[in-house]
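The values are calculated or read from the model by the stated rules, or taken from the named source; none is laboratory data. Owing to the predicted nature of the structure, the values given are computational and were not obtained by experimental measurement. Every residue, glycine as well, gets a Cβ built from its backbone with ideal geometry; the counts of neighbours run over all protein chains shown.
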Amino acid sequence: MDSATKSAIEKAAEGVIYVSESDYPFTYVWAGLGADDGEVTEELVREKLGSFVDNDADADKPLKDLFGMEVTWSKWKSDYVSCDANAYPGPEECKAMRRMDEALDTHLSGIKVFYFGSNGAPGRVEGVAVTIFIVGRTASGNLAGVKTIAIWT
């Protein structure tokens, strides 16, 4: 199960929150992949990680019915580059997010960010409890990363 990767990412994600109308933590996600699974895509995430959404009491669901969108890993990381001491997220939240991002960079390849919500359109997600997956491939080729929820009303 890629235990070293799991341990490192869980440790780096400890205390990290996604700042929205309700601040949710990041939790580790993992799914075994076979040689035929190919590139990490929205469809693959839906297939392999759907239970993480469908079994989450707070998330929009079911995943199979939600709108999805992808943003680049570099775009995701740019959102927490400079945080003002008089704003939220502030320097502490940004420092924690950068720590988690560094662990993901170290332990995963081909990282992508996917959003899934009940409102919007394909490629444009809105919703009340939007699930965010940041995932990539482990050194052994499996799918791993973190998940959180964004509350957007």
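Looking at segment 28-56 only, could you name the residues that are surrounded by fewer than 17 Cβ atoms within 10 Å (Cβ to Cβ) and at pLDDT below 95?
Residues satisfying the conditions are Gly34, Ala35, Asp36, Gly38, Glu39.
From the set of residues in segment 1-46 that are of a type in the set (Gly, Ala, Ser) and not in a loop (DSSP other than H, G, I, E, B), which is nearest to Asp58 (Cα to Cα)?
Ala13
Go through segment 1-22 and report how many residues are of a type in the set (Asp, Glu) and over 15 Å from Val146 (Cα atoms).
1
Looking only at segment 9-27, filter to residues that are surrounded by fewer than 16 Cβ atoms within 10 Å (Cβ to Cβ) and touching a residue at least 60 places away in the same chain (Cβ under 8 Å); which one of those is nearest to Trp152 (Cα to Cα)?
The extreme case among them is Glu21.
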